[in-house]
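Written below as structure tokens is the structure these notes are about.
The values are calculated or read from the model by the stated rules, or taken from the named source; none is laboratory data. Note that the structure is a prediction, hence the values are computed from the model and not measured. A quick note on method: Cβ atoms are made from the backbone with ideal geometry, for glycine too, and the neighbour counts reach across all protein chains shown.
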Amino acid sequence: MSDTFQLDGATIPFEIGQTVMQAALAAGHYIPHLCYHPEFKPHGSCKLCTVKVNGRTAASCTMPAEAGLNVESEIEELNALRRTLVQMLFAEGNHFCPSCEKSGNCVLQALGYDLEVHATGFRHLYPDRPLDASHPDILLDFNRCILCELCVRASGEVDGKNVFALSGRGISKHLIVNAESGLLKDTNIALGDKAMQVCPVGVILKKRVGFSTPIGKRRYDQRPISAQALDDAPRQAAAAGSCESCEGTP
Amino acid sequence: MAADDLCLLEQIVARHGNDASKLLQILREVQECFGFIAPAAVNSLAESLAIPRARIESVASFYSFLHLTPHGEYRVLFSDNITDRMLGSQDLMAQMCQQLWLQPGKVSEDGLVSIGTTSCTGMCDQGPALLVNGRAITRLTHQRVMEIGQLIRNRTPLADWPADFFRIENNVRRSDLVLGSTLLPGVVLQIALALGGQHVVDSIKTSGLRGRGGAGFPTGLKWEGCRNAPGSEHYVVCNADEGEPGTFKDRVLLNLQPDLVFEGMTLCALAVGAKKGFLYLRGEYRYLLEPLQAVLQRRRDDNLLGKSILGFPGFDFDIEIHLGAGAYICGEESALIESLEGKRGVPRNRPPFPVTHGYLQQPTAVDNVETFCQAVLALHIDAEKYRAIGTEKSSGTKLISVSGDCPRPGIYEYPFGVTVREVLQDCGAVNTRAVQISGPAGVCLGESEFGRKLGFEDLPTAGAFMVFDDSRDMFEVARNFVHFFAHESCGFCTPCRVGTSILKQTMDKIAAGHGTRYDLNEVENLDRVLQTTSHCGLGRSACNPVLHTLKHFRPAYENKLKSLDFEPAFDLDGALARARQMTGRDDAGAHLKAEGI
């Protein structure tokens, strides 16, 4: 018999080594998240999954599950924090949903709707982030990057290519590719790579397939993300890999 | 790249055993040799270390003192702490920029020089200060800045600059247990070796010693935890990444009492069972590297380091010095360990803690420079006697770095429990409006609180004590600190990365005369988000300077506010500044007339 903890009053079983997020998803309970992906080792940078554990806030994707914890997630206090974090991510980049190919399939946008983010909240920073259209089949639109590092992890852990990495510090942190020219065409990325599939927003796009599904008929146009996130989560979760280019994940 | 350069590059890599975990040290040396890390060097390093080139760029771009593009033969960085500014650093920088005909942050057209700012360089007691190619110059005056400008223009090698420029004073104003110690190297170690590691742990626990980096974790418990943690190797790390603006005590300790530091590390090695230690020295203290290495060599020669130390078979321990490269966040212990491993200095998720999973995931005891010194003296004078010094929960003495508005800035060592007022009296401060304790992340005290005591019961501190008299605008002090946090945020987590920039924007908006009450309220909202969701202490304390100064000095904010509920940050007249610059006009006709359009 495995140990359990409490999540918003529900009893959640877990296995040793699982984090609060992994155990919650495995038990069919959704906690909002952005940089967490069930197939990769969690690193806890977006902080959307912040919960209260015995009264103290912690990122649930990296917090090890322990017997008897009292975890609160679906409370207004935390959803207010999450709304502000989503507003911060929108203010940090250049996000124009109506013209974005990812609209309706975008996790950031879906979270915005689901958490009821009705206003921008902050003055936008309008960073200068040129596109990289050098690759014949792939477009990189850095304007939408939320620095979740999923492509970095996918390329490092699954593809074994390390095509992506993060450069700079603080607000100037940005995504780079593994080429002296700095251009994607000079990397060994391929359309079949895992890194091509994981971007939660509209940075890594396949060329010439834009808008093949009309807006209004896309994934999160149908049902809110909270009702769908569990579809992606493996019921047995213990993803662990090593990623040379990743931050803070020894 | 010339053949002999490449050869040098190979030598650098070979010196570090072709080991990718030494990447930061390798990059720092490449930077020092060539003035920047060229794309060809990145390619060559990627090949010889067998790592992706993007990882090298990723690491290099994290540290302020490493450059991937040419940054001039002479790279001048003015220390930008508030204490430097109070001593006129901004005027001096403007003077140098004018003399050398360039803009801050840009490289001159001929590739000769770049001028910019950097976070506090730890010379607040003898500022204004700057770094030129990583070497510290203090006590800047208009005369000295002019001479520096001429030396640069004449391309005089740094080695031929007047030695007096590089003289660093210790400015010890009050000595006690640590600064007054005349203990000979090896004396305490000899006794400890006879008694054994467990005895060291027990004594340190009895002494009540707590970490001097600011957090105050009981040192004995940390050493015990590390000793008992399973692992193939154990490590000792000395945190000499003294980046907290206004602090410079570790600089003085490393200069005056290096043997105490290294002896403390060796005692810790005995206590935790380590064979290897690192001293992580902040890049700003590059000038201390050679003297410290000489001390290490002397200790090796005296059998105080190396194999079978002092003839005790099986007790082997040695210390390596790692240099930082301009990143305040590396003072956070898990970020420091990441940096030691040659990575970006991003704080790790905790738990697990370094004491069980530290350097290379092995048990690691990380302690501050001063903590190691105190540990030696606690053992020397006897743990019980040590415990009697200071206050109940803060035993021993504390080094305080005093700077700002006072005639006698420098290092003051007191038993814990000294009041703020006593320190102010000793340093000769008059008409004091405020004191900032423990740097921007600490607390700002107004006059009514000068009776409070330094110690873990009341005012915990890593040692910074910045004094502001009644001529100072405390809003500008807070704004300087907010800029500091935004500059030093590692950028890992959303709240800190974006929140510190938004806070900076808000403070700049108020400074420009466009602030409203709404903006002040927003600071409180930001604080709630940063405090509760940030990955580490930097984000959690980033709003402190504003909240503390608002509490005591609200008028300093309110007299800058527009009496409106809302005011856009966009400034119509300001938007014409570029056009004015291009046309060389600044007359009334080049400005929008009506106020507040």
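Here are some notes:
- The helices (runs of 4 or more DSSP H) located wholly in the stretch B:8-112 that include 1 or more residues which are more than 30 Å from B:D469 (Cα to Cα) and among the polar types (S, T, N, Q) occupy B:23-34, B:39-49, B:53-60, B:89-99.
- The listed residue being within 12 Å of another protein chain (Cβ to nearest Cβ) and touching a residue at least 40 places away in the same chain (Cβ under 8 Å), out of B:F475, B:F485: B:F485
- Hits in the stretch B:74-106 - residues which are touching a strand residue (DSSP E or B) at 6+ places or on another chain (Cβ under 7 Å) and over 30 Å from B:C444 (Cα atoms): B:Y74, B:R75, B:V76, B:M96, B:C97, B:L100, B:L102, B:P104, B:G105, B:K106
- Applying the criterion of at least 1 residues that are touching a Pro at 6+ places or on another chain (Cβ under 7 Å) to the helices (runs of 4 or more DSSP H) found wholly in the stretch B:212-309 leaves B:219-228, B:258-272, B:289-301.
- If you go through the stretch B:385-405 and keep only what is surrounded by 22 or more Cβ atoms within 10 Å (Cβ to Cβ) and hydrophobic (A, V, I, L, M, F, W, C), you end up with B:L399, B:I400, B:V402.
- Residue in the stretch A:132-153 that is in contact with a Pro (Cβ under 8 Å, 6 or more places away or on another chain), within 10 Å of chain B (Cβ to nearest Cβ) and either part of a loop (DSSP other than H, G, I, E, B) or not aliphatic (A, V, I, L, M) (or both) present: yes
- Residue list for the stretch A:40-60, filter: part of a loop (DSSP other than H, G, I, E, B) and either assigned by TED's automatic domain parsing to the domain that holds A:R83 or farther than 19 Å from A:L108 by Cα (or both): A:K41, A:N54, A:G55
- Failed criterion for B:P104 (all others in (1) within 12 Å of another protein chain (Cβ to nearest Cβ); (2) modelled with pLDDT under 95 hold): (1)
- Matching residues, the stretch B:113-141, being assigned to a strand (DSSP E or B) and in contact with an Asp or Glu (Cβ under 8 Å, 6 or more places away or on another chain): B:V113, B:T117, B:T118, B:L131, B:A136
- For A:D3, the criteria (1) crowded, with 24+ Cβ neighbours inside 10 Å; (2) farther than 28 Å from A:V203 by Cβ hold in every case but one, which is (1).
- Here A:G210, A:G160 are screened, and the one residue that is within 14 Å of chain B (Cβ to nearest Cβ) and more than 18 Å from A:F90 (Cβ to Cβ) is A:G160.
- Filter result for the condition that a residue is away from every other protein chain (no Cβ under 14 Å) and either surrounded by 16 or more Cβ atoms within 10 Å (Cβ to Cβ) or at pLDDT below 90 (or both), over B:A590, B:A511: B:A590
- Flag if B:L49 is farther than 24 Å from B:F165 by Cβ, of a type outside the set (G, A, S), modelled with pLDDT of 95 or more and surrounded by 23 or more Cβ atoms within 10 Å (Cβ to Cβ): no
- Selection status of A:A179, within 12 Å of chain B (Cβ to nearest Cβ) and assigned to a strand (DSSP E or B): no
- Residues being more than 13 Å from every other protein chain (Cβ to nearest Cβ) and in contact with a helix residue (DSSP H, G or I) (Cβ under 6 Å, 6 or more places away or on another chain) - total across the stretch B:355-369: 5
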